[in-house]
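Take a look at the structure below.
No value in this document is a laboratory result; all are computed from the given coordinates. Quick caveat: nothing in here was measured; it's all calculated off a predicted structure. No Cβ is skipped: glycine too gets one built from the backbone with ideal geometry, and neighbour counts run over all protein chains shown.
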Amino acid sequence: MFKLMSVAVLIFALPLIVSAAASPALPKGYQTWQKSERKIVTDKNSLFYGVHYIYADKKAFKGYQAGNRFAEGSTIVVEYFNIKEGSSSDGPKNMVVLMRKDKHRKETGGWLFAGYGADGKPSGMDPVGTCFGCHQKDAGQREFVISTIKDFKR
Ligand code: HEC
């Protein structure tokens with residue numbers, strides 16, 4: 001009986017654990033972290049068309065300062081906004097992405113990658129197919145983090 005119950009618990013709990021691990025909740029208060037310059041991509045053919053800001057927690061900022069060498073747990077969040085034509089302010093937020101250094105994520109270079117909608121809810125993007133390829137190509141020599149300390153206000 002006990003055995004059966006634990007099997008049932010496992011079967012029901014497992015998908016929950018897996019999906020929670022795939023996309024953790026966005027960290028609270030990340031908007032108070034070290035913030036990058038306002039970055040704007042005006043090429044409409046680019047995936048990054050729009051305005052974005054990068055936020056680095058304490059560990060991640062130290063990692064940037066060390067020339068992109070990041071300690072376990074370092075967390076980086078990027079917020080994306082639409083461009084408001086003819087205005088210097090930002091349009092509505094359209095996406096949030098996160099990277100957290102996690103040695104268990106071997107298939108994505110030791111980083112957890114996760115995507116969120118404007119509401120902060122996980123958007124279920126595939127970290128291997130959607131995220132890692134690009135980061136691997138552009139930042140294979142920088143621990144897969146493309147931005148550098150130069151992107152931050154100091
Ligand atoms: C088409 C290539 C591409 C894809 C796909 C991509 N990224 Fe990026 N990502 C970039 C570039 C380029 C930057 C640097 C932006 C800058 O310098 O302002 C970046 C920056 C980031 C950063 C800030 C840290 C860094 O590396 O500079 C995070 C976090 C991030 N991306 C997460 C993700 C996640 C999560 C996904 C998948 C949902 C994803 N990215 C998909 C190209 C990509």
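Full extension of the chain between Ser123 and Asp138 yields a length gain of 3.0 nm, computed as 0.36 nm times the residue separation minus the alpha carbon distance. Spin-label pair Asp151-Thr130: with each label point 7 Å from Cα along the Cα-Cβ axis, the two points sit 1.8 nm from one another.
So for Trp33, Trp111, fewest C-beta neighbours within 10 Å to most, what's the order?
On the way: Trp33 17, Trp111 23.
So the ranking, lowest neighbour count to highest, is Trp33, Trp111.
Note on Ala71 and Phe48: their simple-model spin labels are 2.7 nm apart, each label 7 Å out from Cα toward Cβ.
Between His104 and Lys84, what is the FRET efficiency for a Förster distance of 41 Å, r being their Cβ-Cβ separation, to the nearest 0.05? It would help to have the intermediate numbers written out before the result.
Details: r = 40 Å, r/R0 = 0.99.
The formula returns an efficiency of 0.50 here.
First select every other residue whose beta carbon is under 12 angstrom from the beta carbon of Met95; then total the charges, Lys and Arg +1, Asp and Glu -1.
Values: positive: Lys93, Lys121; negative: Glu79, Asp119.
Around Met95, the surrounding residues sum to 0.
Say the cut-off is 27 Å between C-alpha atoms; which of Lys44/Lys101; Lys62/Lys137; Lys39/Lys121; Lys44/Lys150; Lys121/Lys150 go over it?
Details: Lys44/Lys101 31 Å; Lys62/Lys137 23 Å; Lys39/Lys121 23 Å; Lys44/Lys150 25 Å; Lys121/Lys150 30 Å.
Beyond 27 Å: Lys44/Lys101; Lys121/Lys150.
Residues whose amide H falls under 5 Å from that of Ser74, counting only those 5 or more places apart or on a different chain, are Lys101, with hydrogens built in the peptide plane. Between the Cα long axis of helix 2-22 and the first principal axis of the chain there is an angle of about 10°, rounded to the nearest 10.
With an 8 Å cut-off on Cα pairs and a minimum separation of 6 or more residues, tell me the relative contact order of the chain in percent. Show your work: numbers first, answer last.
Working: 243 pairs, mean separation 28.9, N = 154.
Result for the chain is 19 percent.
Working from Cα pairs under 8 Å separated by at least six residues, relative contact order for the range 78-154 is 18 percent.
Here the 3J(HN,Hα) profile of the range 127-133, calculated from phi with Karplus coefficients 6.51, -1.76 and 1.60 at θ = phi - 60°, is x, 6, x, 8, 9, 5, x Hz, Gly and Pro shown as x. Between amide H atoms placed 1.01 Å from N, distances below 5 Å from Gly124 occur with Gly115, all of them 5 or more places distant or on a separate chain.
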